[in-house]
Amino acid sequence: MLDKLFFVFGFCFFVITSFGQSKDPVLMKIGKSDVTVSEFKYIYEKNNGANADYSRNSVMEYLDLYTKFKLKVEKARALQMDTIASLRTELEGYRKQLAGSYLIDKEVTEALLKELYGRMDYDVEFSHIFAGFPENATAAQKEEAKAKLREIKAKLVSGYEFSAAAAAYSEDRKSGLQGGKMGFVTAKLPSGFYELETAIYTAPIGEVTDIIESKLGYHLVKVTQRRPARGIIEVAHILIDSDNKALADSVANLAKNGADFESLVSQFSIDKATVKNGGKLPPFGINTYSLTFEVGSYTLHKDGDVSNAMLTESGWHIIKRIKRYPKDSYDLFVRKMKSQINKDSRFNVAKDKLIEDIKKSAGIQEDRGELANFIKGLDEEFYSYKWAPSADVSKKPLFTLGGSQVVTVKDFADYCKKNTRTRLKYDKSSPLKNTVEELYQSFINDTALAYEEQSLDKKYPEFRSLMREYEEGILLFEVTKVNVWDKANQDTTGLVQFFEHQANTYYTPEKADISTFTIHSKDKKLADKIYKYAVKNDSESLIKKFNKKEEVVTLTKGEIEKGSPESMGLSWTKNAVSSLKSSSDANSYSFVKVNTVIPARPKTLNEARGYVVADYQNYLDKAWLKSLESEYNVVIYKDVLNSLIK
């Protein structure tokens with residue numbers, strides 16, 4: 001089709017200037033609509049995947065397909081199908097569904113993944129002073145723990161040594177005895193410790209942080225150093241009893257001088273868990289084994305290096321480095337971590353921050369007085385499924401977003417009505433004010449997210465492309481349904497005329513009516529006797545003759561097509577008999593006899609209807625496309641096209 005299109009070989013000065021200034025030049029114009037380079041690249045890469053190599057053949061082939069697609073969409077817009085209420089509702093439903101997940105994915109999940117991936121480049125050494133609270137702590141219990149750390153922080157500001165304060169006051173006694181030292185850690189920390197992780201990765205070295213909350217309590221943190229992450233390493237080791245240093249040194253010398261390490265493991269290692277595996281341990285990171293073992297492993301410079309004998313609580317170790325693993329690529333990291341991130345407490349922390357940022361950016365203005373008035377009008381029925389807002393509920397503004405979006409008390413009341421499950425989870429003894437406040441915060445958060453979703457088209461080009469793709473897909477379906485699919489099924493006269501012009505296309509193939517005989521016996525002589533009889537006699541007499549006492553022969557009838565695998569080796573004539581074949585287990589024999597040959601014939605319209613309708617649809621589609629090519633001018637800007645081809 002491309003040879004029929006109008007290629008623009010030269011441009012007027014205005015067009016050249018426009019392209020020179022545009023960050024997203026127009027690749028082609030179809031009717032009144034422009035197709036930009038970014039639009040074409042998005043859809044080309046999405047649909048071609050790894051084959052999107054931008055070769056001339058590939059680009060031209062896809063440009064042809066996309067032009068046909070856009071011609072149909074242009075026609076749909078001309079017919080104002082984009083204004084059909086049901087289609088607009090469908091599109092809006094899809095947008096709402098996509099926008100919610102897209103916003104969270106981009107603004108929360110993706111940001112957390114990038115943050116964590118960057119943090120994994122470093123190990124951080126820190127100390128802390130800890131004050132804990134119970135798992136389901138009350139506000140008073142939390143405040144008590146926090147007050148304790150406020151007092152300690154004041155002492156530190158006055159010059160009290162951090163290590164001394166940790167030893168004297170920290171409720172983490174293990175680290176407290178070491179001046180609060182926690183050693184090196186690396187991201188990610190377990191769920192519930194995201195704020196602690198953030199502190200140790202962002203706090204200035206040597207300074208004491210503000211009070212940080214984790215799921216266990218409160219912390220004052222002092223970062224002492226950051227180093228390049230040690231990452232993941234794999235080693236093998238030989239373990240020798242702690243009382244046998246001489247043997248350990250001797251084995252280490254043998255290993256370092258080239259003796260087979262696995263043989264040494266078999267001879268000398270007392271680690272029963274690894275001796276059968278050549279001493280290999282699973283790949284590990286920092287804080288997996290004792291510090292001595294860890295340092296000994298990571299200080300080996302290259303794969304194959306062997307350490308001196310080193311003593312730990314378990315005994316003497318001789319360590320051989322197997323492999324130092326590089327950091328995962330970002331794509332692989334995302335595949336491994338995305339589901340974990342979304343289940344981690346950091347996800348909720350980041351989501352809450354996003355909502356607060358949206359509110360701040362939108363300049364939210366609340367009327368707490370109207371909320372108070374709404375609460376005054378409630379009673380304990382609010383905690384039942386029967387509750388509904390009164391008919392005269394206020395329509396006054398409750399809050400505004402962006403200076404233009406007004407949310408009324410009635411909007412909030414309707415939200416409360418819909419969230420029956422949330423209302424019913426509260427005990428009637430709970431103060432109404434507290435319950436409504438919680439619902440109000442959920443409502444205001446949901447509204448803020450919905451507000452931000454409205455700007456996704458401007459903020460994210462990929463989201464805009466997804467929405468355009470879906471909208472045009474809906475339009476394509478609707479316009480093709482009208483012009484091709486419905487017409488092929490409903491235009492009876494046209495279908496008959498098409499069939500009459502194509503009647504020679506639809507044939508029943510030449511077939512044979514056959515009988516398949518199965519002889520249930522291992523006796524080859526009997527099988528030969530039955531076979532010879534079948535060649536000269538009909539099926540009925542054969543069955544009567546050989547099945548007098550028992551069912552020796554069974555017969556099944558059917559049809560086969562000429563040229564089919566079943567017809568191979570069979571003479572295509574009446575009464576022809578195939579060769580006698582033994583079954584794979586040699587317990588039976590079988591052969592086929594042709595009863596009659598059924599000649600090929602044209603199918604009726606009813607017999608071929610499914611095929612005819614499909615071919616008629618294809619015919620209508622081609623004819624329709626031809627008319628669209630005449631109706632709409634297609635201009636492809638050659639210079640822009642050539643800039644895409646590699």
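Please treat every number below as a calculation from the coordinates, not as lab data. From a predicted model like this one, the values you see are computed outputs, not experimental measurements. We place every Cβ from the backbone using ideal geometry, glycine too, and count neighbours over all the protein chains shown.
List of remarks:
- Fewest-first ranking of M28, M60, M81, using other Cβ atoms within 10 Å as the exposure measure: M60, M81, M28
- Lys/Arg +1, Asp/Glu -1 at C-beta; region 232-325 dipole; positive extreme among N257, L291, T312: N257
- Rounded tilt (10° steps) of 461-480 against the dominant C-alpha axis of the chain: 20 degrees
- Overall form of region 507-602 per C-alpha gyration tensor (a/c, 1.5; a/b vs b/c): prolate
- Per-residue 3J(HN,Hα) values for region 101-113, derived from phi via the Karplus relation 6.51 cos²θ - 1.76 cosθ + 1.60 with θ = phi - 60°, read 5, 5, 4, 5, 4, 6, 7, 10, 4, 5, 5, 5, 5 Hz in sequence order (x marks Gly and Pro).
- From helices alone, the chain scores -15000 deg cm²/dmol at 222 nm; the rule is -39500 (n - 2.57) for each run of n ≥ 4 DSSP H residues, then divide by the residue total.
- For region 548-562, putting each phi into the Karplus relation 6.51 cos²θ - 1.76 cosθ + 1.60 with θ = phi - 60° gives couplings of 5, 9, 8, 7, 7, 10, 10, 10, 10, 10, x, 10, 10, 8, 5 Hz, in residue order, rounded to whole numbers and with x for Gly and Pro.
- Against the chain, whose longest principal axis is taken from its Cα atoms, helix 605-631 shows a tilt of about 60°.
- FRET efficiency, 1/(1 + (r/R0)^6) with R0 45 Å, evaluated for Y507 and L79 via beta carbons: 0.70
- Rounded FRET efficiency, nearest 0.05, which uses the C-beta distance separating E500 from K536 and R0 of 35 Å: 0.15
- Ordering L98, S170, V73 by the projection of their Cα atoms onto the charge dipole of region 13-172, which places +1 on the Cβ of Lys and Arg and -1 on the Cβ of Asp and Glu, puts V73 at the extreme positive end.
- Listed cross-link partners K96/K359; K338/K481; K142/K433 are compared with a 29 Å cut-off, the Cα-Cα value being larger for K338/K481.
- Rounded is the label for region 232-325, because a/c, from the alpha-carbon gyration tensor with a ≥ b ≥ c as root eigenvalues, stays below 1.5.
- Computed from Cα atoms, the angle from the helix 56-78 axis to the main principal axis of the chain rounds to 90 degrees.
- Relative contact order, whole percent, for region 232-325 stands at 46, derived from Cα pairs under 8 Å and 6 or more residues apart.
- Net charge of neighbours whose Cβ lies under 10 Å from the Cβ of A488, counting Lys and Arg as +1 and Asp and Glu as -1: -3
- Computed magnitude of the charge dipole of region 360-453 (debye, nearest 20; Cβ of K, R +1, Cβ of D, E -1): 200 debye
- Taking Cα centre as origin and charging only the Cβ of basic (Lys, Arg, +1) and acidic (Asp, Glu, -1) residues, the dipole magnitude of the chain rounds to 1660 debye.
- The chain: relative contact order in percent, alpha carbon pairs under 8 Å with at least 6 residues between: 16 percent
- When each of K188, K396 is scored by the number of other beta-carbon atoms lying within 10 Å, the sequence from fewest to most is K396, K188.
- Gap separating the Cα centres of region 585-643 and region 537-583, nearest whole Å: 36 Å
- Positive-end residue, the chain charge dipole about Cα centroid, Cβ charges, pick of G363, T83, L570: L570
- Each of W485, W316, W572 was scored by other Cβ atoms within 10 Å of its Cβ. Listed from fewest to most, they are W572, W485, W316.
- Separation in nanometres of the label points that stand 7 Å from Cα toward Cβ, at D528 and K276: 6.0 nm
- With the cut-off at under 19 Å, measuring from each backbone N in region 535-552 to a point 7 Å along the Cα-to-Cβ line of A576 picks out 535-539.
- Fully extending the segment from S584 to Y122 would add 159.6 nm, taking 0.36 nm per residue of separation and subtracting the current Cα-Cα distance.
- Which labelled figure in (i) 1.20; (ii) 1.14; (iii) 1.07 is Rg/Rh (Cα atoms, Kirkwood Rh), once derived from the coordinates: (ii)
- Remark: region 333-345, residue by residue, has Karplus-estimated 3J(HN,Hα) of 4, 4, 4, 6, 9, 4, 5, 5, 4, 5, 9, 7, 4 Hz, where x stands for each Gly or Pro and the curve is 6.51 cos²θ - 1.76 cosθ + 1.60 at θ = phi - 60°.
- Each label point was placed 7 Å from the Cα along the Cα-to-Cβ direction; for S55 and Q490 their separation is 4.5 nm.
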